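J.: Submitted below is the structure of interest, expressed as structure tokens.
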Amino acid sequence: MTETLAARDAETLTQTRYLATAIPGPRSTQLHEERVQQVSSGLGITLPVFVSRADGGIIEDVDGNRLIDFASGIAVTSLGASNRRVAQRVAKQLEAFTHTCFMVTEYESFTQVCDWLNRNTPGDFDKRTALFSTGAEAVENAVKIARAATGRANVLVFDEAYHGRSLLTMGMTAKVNPYKLNFGPMPEHVIRAASANPLRPAVEGGVEAALASVEATLIENDPGSFAAMVIEPIQGEGGFIVPMAGFIPGLRQLADKYGIVLVIDEIQAGMGRTGTLFASEHEGVAGDLILTAKALANGVPLSAVTGRTELLNAPHAGGLGGTYAGNPLACEAALAVFEQFEDGGLLENAQLIERVAREVLEPLLESTAVVAQVRGRGAMLAVEFADRGTLAPRPELAAAVSKVCHAQGVLTLTCGTHGNVLRLLPPLVIGEALLRDGLEVLAQNIVELAG
């Protein structure tokens with residue numbers, strides 16, 4: 001199953017790790033020096049290699065190195081960075097027209113994307129969808145929709161949340177550095193509540209105490225003033241945190257109790273990443289609004305707000321939109337993505353990725369004193385580094401492990417409030433042999449650096 005999926009969309013680039021030079025190689029180094037002279041230093045970089053092509057679970061750089069992709073463009077290229085069906089549909093659309101703006105003249109692919117999302121997102125109720133370009137746009141428009149529908153201003157967000165880099169979404173994001181540092185003042189009417197991190201609970205006493213704390217925050221600020229409650233089903237940048245069992249269902253109950261719009265931010269966790277189409281399916285919860293982006297169009301910029309018809313129809317005509325919102329190229333890419341979920345193979349592969357990763361990584365919980373937790377769902381997994389007993393974060397170890405993996409041809413990312421989490425986001429089409437190779441490199445480096 002796994003090798004078949006990998007082969008289907010990765011026929012032209014050999015699916016093995018290969019080092020032709022040191023990483024970064026001489027050509028990448030030269031190009032990076034040019035980048036420094038031309039590009040704002042405000043744009044960070046994880047690994048200064050320049051890509052020549054990518055396919056399946058492999059990224060090939062301009063020096064001929066083949067790196068195992070455990071990043072997927074931060075959960076974007078879930079079907080591989082050069083998925084053929086996506087490329088074919090986009091190319092066909094390019095021959096017809098590249099853009100007209102859906103708010104000026106219409107095209108069918110926009111409606112077809114909305115139809116699929118209305119039918120496939122959680123929730124047995126009548127739905128509508130609005131398309132945009134970026135995840136941050138989806139979050140901001142969800143807030144606009146909730147405010148229009150409720151006549152309220154406040155937005156409840158959570159510790160360890162990440163919702164974007166625009167002004168409002170910066171305010172909704174928890175982490176200051178690098179996302180909010182020097183960019184204030186932040187928007188008003190954003191109120192933060194304690195989350196339910198099982199490893200590092202903000203409130204002692206389990207899920208009941210966590211929910212009681214959330215309700216106390218609502219009451220302190222007048223629950224009737226809240227338009228929306230926005231939560232990631234798995235908190236991404238916060239550290240790939242799977243909340244305590246029952247927390248998100250409890251939020252659903254609180255939202256219903258106080259007439260608050262529950263917004264589920266599936267921008268990173270959705271579109272098959274966790275082994276179900278949407279991560280909130282694991283919780284048995286349907287948001288009033290659900291947000292998608294990233295893997296929605298496999299790298300072509302597209303995002304969406306989907307939800308209850310009465311909510312999506314609350315804004316006045318012309319109140320939602322954007323010049324590039326639901327661009328026809330992006331819509332065709334999304335339709336190609338939807339086609340590839342039809343047989344269930346991608347979801348099965350996400351589940352297999354989790355089984356293999358846990359098999360390789362969970363023994364580190366016992367064999368080292370610095371792996372505090374291996375967590376996540378499907379192909380959205382993380383290793384948290386902290387001293388056993390005290391749980392003192394070890395960000396320097398996460399950075400060191402990631403750096404050595406990069407040098408050995410395995411692209412990994414770090415995250416977390418303390419910067420001590422290594423996150424894994426392999427494409428859902430990665431082959432098992434390639435997956436195991438990358439995981440074994442990672443595990444070996446953890447053992448060696450844990451000392």
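J.: Modelling each spin label as a point 7 Å along the Cα-to-Cβ direction, I'd like the residue 366/residue 181 distance in nm, to one decimal.
T.: 4.0
J.: Expressed as a rounded percentage, what relative contact order does the chain have, with Cα pairs under 8 Å and six or more residues apart?
T.: 23
J.: Take 405, 331, 114 and order them by how many other Cβ atoms sit within 10 Å, fewest up front.
T.: Result, fewest neighbours first: 114, 405, 331.
J.: Using the Kirkwood formula over every pair of different C-alpha atoms, what hydrodynamic radius in Å results for region 93-247?
T.: Result for region 93-247, one decimal place: 17.7 Å.
J.: When the chain is fully extended, how far beyond the present Cα-Cα distance does residue 104 get from residue 219, taking 0.36 nm per residue of separation?
T.: That pair, residue 104 and residue 219, stretches by 37.0 nm at full extension.
J.: Additional query: Can you compute the modelled spin-label distance between residue 19 and residue 33, with each label point 7 Å from Cα toward Cβ, in nm?
T.: 2.3
J.: Of the peptides 311-318, 336-343, 141-148, 370-377, how do they stack up when ordered by the mean number of other Cβ atoms within 10 Å, highest first?
T.: 141-148, 370-377, 336-343, 311-318
J.: How high is the FRET efficiency from residue 52 to residue 317, r the C-beta distance, R0 30 Å, rounded to 0.05?
T.: 0.05
J.: Return the FRET efficiency for the residue pair residue 392, residue 95: r is the Cβ-Cβ distance, R0 is 51 Å, and the value is rounded to the nearest 0.05.
T.: For R0 = 51 Å, the calculated efficiency reads 0.30.
J.: Shifting gears a bit: Arrange the following residues from fewest to most other Cβ atoms within 10 Å of their Cβ: 92, 180, 294.
T.: Placing the least packed residue first, the sequence is 92, 180, 294.
J.: Add +1 for every Lys or Arg and -1 for every Asp or Glu among the other residues with Cβ under 10 Å from the Cβ of residue 248, and state the total.
T.: Net local charge, residue 248 excluded: -1.
J.: Please state, rounded to one decimal and in Å, the Kirkwood hydrodynamic radius that region 135-207 gives when every pair of distinct Cα atoms enters the mean of 1/r.
T.: 13.3
J.: Please rank 417, 173, 29, fewest neighbouring Cβ atoms within 10 Å first, as an exposure proxy.
T.: In order of increasing Cβ crowding within 10 Å: 29, 417, 173.
J.: Next up: In whole Å, how far is the Cα centre of region 379-451 from that of region 166-243?
T.: What the calculation gives is 26 Å, centre to centre.
J.: Still on this structure, please answer the following. Can you give me the distance in nm between label points at residue 256 and residue 111, each placed 7 Å from the Cα along the Cα-to-Cβ direction?
T.: With each label point 7 Å from Cα toward Cβ, the separation is 3.5 nm.
J.: Moving on to the next point. Would you pull out the residues with amide H under 5 Å of residue 57's amide H, same chain only if 5 or more places away, H placed 1.01 Å from N?
T.: 431
J.: Related question: Determine one quarter of the surface area of the Cα convex hull of the chain, which equals its mean projected area, and express it in nm² to one decimal.
T.: 21.2
Bear in mind that the values in this text are calculations on the coordinates, not laboratory data. Computed from a prediction, not measured in an experiment: that's the story for all the values here. Please note: Cβ atoms are built from the backbone with ideal geometry, for glycine as well, and neighbour counts cover all protein chains shown.
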